[in-house]
Amino acid sequence: MLRIIIGFSDGKENKMEKSKCLDMVGSPWTLLFNGACSKFGNGAGIVLLSPSLEEFAFSFKLNFECTNNVAEYEALLLGLRIAWKYGVKDIVAKGDSELVVKQIRKLYATKNQ
């Protein structure tokens, strides 16, 4: 399970080891994600918390024009990719975007545009 907390890293390399994550197979993780857009730039923040409450924070600059909803989706997808890369398979994702959370849970319909 993967637990993510909304937050941003200081830009330094994270010391997340794949072997350490694989040792925690079956243990609950949480993924928290957040995306944001402004006239100063777009970004995504992710924090993964291990079962032992170790924090792994990541931040990304999104180098394309987007809406806040798109930035939220990008943050979720980046968090899931990072978790997968390190062998975390059981994931609980949490975010502050009602639209994204309810679309993923199929409580809101999506529109193709």
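The values are calculated or read from the model by the stated rules, or taken from the named source; none is laboratory data. Bear in mind the structure is a predicted one, so any value in this text is a computation, not a measurement. A quick note on method: Cβ atoms are made from the backbone with ideal geometry, for glycine too, and the neighbour counts reach across all protein chains shown.
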* To do: Give just the number: which of (1) in contact with a strand residue (DSSP E or B) (Cβ under 6 Å, 6 or more places away or on another chain); (2) modelled with pLDDT under 90; (3) farther than 17 Å from Pro28 by Cα does Leu107 not satisfy?
  => (1)
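Quick check on segment 27-40. Is at least one of its residues at pLDDT below 85 and surrounded by 13 or more Cβ atoms within 10 Å (Cβ to Cβ)?
yes
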* Just name the residue that is farthest from Gly41 (Cα to Cα) out of those in segment 67-110 that are touching a Cys at 6+ places or on another chain (Cβ under 7 Å) and of a type in the set (Gly, Ala, Ser). => Gly87
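Here are Lys18, Lys61: which of them is exposed (fewer than 14 other Cβ atoms within 10 Å of the Cβ), at pLDDT below 90 and not β-branched (Val, Ile, Thr)?
Lys18 is the lone residue from the list that is exposed (fewer than 14 other Cβ atoms within 10 Å of the Cβ), at pLDDT below 90 and not β-branched (Val, Ile, Thr).
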* Structure fact -> Flagged in segment 30-47 as over 26 Å from Tyr108 (Cα atoms) and either in contact (Cβ under 8 Å) with a residue 24 or more places away in the chain or part of a loop (DSSP other than H, G, I, E, B) (or both), in numbering order, are Lys39, Phe40
* Candidate set: segment 64-104, residues that are free of Cβ contacts under 8 Å to residues at least 24 places away in the same chain and hydrophobic (A, V, I, L, M, F, W, C); chosen: the one surrounded by the most Cβ atoms within 10 Å (Cβ to Cβ) -> Val101
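Hey, can you tell me all the residues within segment 78-99 that are assigned to a helix (DSSP H, G or I), among the aliphatic types (A, V, I, L, M) and under 13 Å from Leu48 (Cα atoms)? Break it down stepwise before answering.
The initial filter retains those residues of segment 78-99 that are assigned to a helix (DSSP H, G or I), namely 78-85, 98-99.
Those left that are additionally among the aliphatic types (A, V, I, L, M): 78, 80, 82-83, 99.
Answer for segment 78-99, where residues must be assigned to a helix (DSSP H, G or I), among the aliphatic types (A, V, I, L, M) and under 13 Å from Leu48 (Cα atoms): Leu78, Leu80, Ile82, Ala83.
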